[in-house]
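The values are calculated or read from the model by the stated rules, or taken from the named source; none is laboratory data. All values reported here derive from a predicted model rather than from experimental measurement. Methodologically, a virtual Cβ is constructed for each residue, glycine included, from the backbone with ideal geometry; neighbour enumeration extends over all protein chains shown.
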C-alpha cells in the first residue's frame, strides 16, 4: 500500500488513463487499485517491481508538473 495526494488519485482514476500508468503498462505486467483517499495498491510478480512501480507512481505528480513546465517553456512560438 502506498500513499499519495488525493489530486494524484483523481488523476490516476481519470479517463483516458493517466500517462504514467499507460507508460508503465507498456513495460511491466501489474495491477493497481486506486482509492480516492490518495492510497493505492500495486501487485506485480516480484516485490522489487512492486516497489519500483509504487515509487514511480508516487513521483508522477512532480513528473507531470515538470513535463508541463517544459512544454510551456520549450514550445515553439
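Tabulated data
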quantity	calculated
Enumeration of residues in segment 37-58 that are touching a helix residue (DSSP H, G or I) at 6+ places or on another chain (Cβ under 8 Å) and either over 16 Å from residue 1 (Cβ atoms) or part of a strand (DSSP E or B) (or both)	39, 40, 42, 43, 44
So residue 20, is it under 14 Å from residue 58 (Cα atoms), within 11 Å of the chain's Cα centre (by Cα), at pLDDT 90 or above and surrounded by 14 or more Cβ atoms within 10 Å (Cβ to Cβ)	no
Qualifying residue in segment 26-36 (condition: free of Cβ contacts under 8 Å to residues at least 12 places away in the same chain, surrounded by fewer than 13 Cβ atoms within 10 Å (Cβ to Cβ) and in a helix (DSSP H, G or I))	yes
Check on residue 34, under 19 Å from residue 7 (Cβ atoms) and in contact with a strand residue (DSSP E or B) (Cβ under 9 Å, 6 or more places away or on another chain)	yes
